[in-house]
Amino acid sequence: MITAEVGRPDRLDDRLLADRHSLPLSIALHLVPGALIVAVFLLFTGPMVKSWGYPSFLGWAIAMCVALAPFELGLLLWLGRRRNGRFSLRGVVHYRSRPISRGKLIAIVIPLIVWMLVVSTALIPLDDVINKWLFAWVPFEGAGSVTGYLAGYPRHVMIIALGSCIPLTGLAFPLIEELYFRGFLLPRLPQVGRGAPVLNAFLFAVYHLWAPWTFLSKTIFFLPAVWLVWRKKDIRLSMGMHAGTTFLSQTGGTIALVLGVLP
């Protein structure tokens, strides 16, 4: 009698660590974290910070602590433990061999940061139009406005909310997102050739379910960094642009509030 394990379904970690994900699996892995963040905010952290008298921006940051970090970084570390026997990103997160020299890296990242700051600002009117025509029904406080999440609160409350989130939304969370979306998901996209960076950038934009009016603009201003990571095989490019831009913008916004430059 011959026994065989042919046809036995692969384990979940085998499917996740495969060289290529199926398209449905890839889409799910891109979007599920965003859905979890929205659910946590609506059910828990949004009402909680509102009862404290703080802006919804702080509620989103706490929701990301609860959902983004455990799902995205937690999944990567779990897969690393399954693959390597210890908590490690080896073989899980790609594009970490650092093929680009430090000087060239800086020379590329600085223009990427300028690109993201300038283009994201220039596309705000587009975001406003899309929000007005398609997403006016979104129930989130401050929806459709760059500063809407903070507007209407005393200055000291805005400073505390924005300043306290700098280490998280300004630095840690963007780095985690890059490890997950660019280092884990991008190299495992189905065989779509040169369309891989476009698909990854678009799905990353859609992952931001709490700001659906920015799907198009985020795809546009993230695409150059995603393409360079895919082309150069160096994740530090998008990590530098993403974390650098959010850190500068949030720190600059906090300083402007402290100095009274912003109303």
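Worth pointing out:
- Leading residue by the ranking (farthest from Gly193 (Cα to Cα)) among those in the stretch 215-238 that are crowded, with 21+ Cβ neighbours inside 10 Å and among the aliphatic types (A, V, I, L, M): Leu237
- Breaking point among (1) among the small types (Gly, Ala, Ser); (2) buried (at least 16 other Cβ atoms within 10 Å of the Cβ); (3) within 26 Å of Arg15 (Cα to Cα), for Gly74: (2)
- For Pro154, the conditions (1) closer than 30 Å to Ser88 by Cβ; (2) free of Cβ contacts under 8 Å to residues at least 60 places away in the same chain all hold with the exception of (1).
- Some residue of the stretch 184-194 being in contact with a Phe, Trp or Tyr (Cβ under 6 Å, 6 or more places away or on another chain) and either surrounded by fewer than 18 Cβ atoms within 10 Å (Cβ to Cβ) or over 17 Å from Leu228 (Cβ atoms) (or both): no
- Residue within the stretch 133-152 that is surrounded by 14 or more Cβ atoms within 10 Å (Cβ to Cβ), modelled with pLDDT of 95 or more and more than 20 Å from the chain's Cα centre (by Cα) present: no
- Of all residues in the stretch 239-261 being modelled with pLDDT under 95 and surrounded by 21 or more Cβ atoms within 10 Å (Cβ to Cβ), the one that is nearest to Ser120 (Cα to Cα): Gly253
- Contact annotation: residue pairs with Cβ atoms under 8 Å, 6 or more positions apart or on different chains, pairing a residue in the stretch 1-30 that is at pLDDT 70 or above with a partner that is of a type in the set (Ser, Thr, Tyr), are His30/Tyr207.
- Cβ-Cβ under 7 Å pairs, at least 6 apart or on other chains, the stretch 35-57 side without any contact (Cβ under 8 Å) to a residue 40 or more places away in the chain, far side assigned to a loop (DSSP other than H, G, I, E, B): Leu36/Ala67; Val40/Ala67
- Pairs where the first residue, in the stretch 115-129, is among the charged types (D, E, K, R) and the second is in a helix (DSSP H, G or I) and crowded, with 18+ Cβ neighbours inside 10 Å, C-beta under 8 Å, 6+ apart: Asp127/Trp213; Asp127/Thr214; Asp127/Ser217; Asp128/Trp213
The values are calculated or read from the model by the stated rules, or taken from the named source; none is laboratory data. This structure is a prediction, so every number in the text was calculated from the model and none was measured. Glycine gets a Cβ as well: all are built from the backbone with ideal geometry, and neighbour counts include every protein chain shown.
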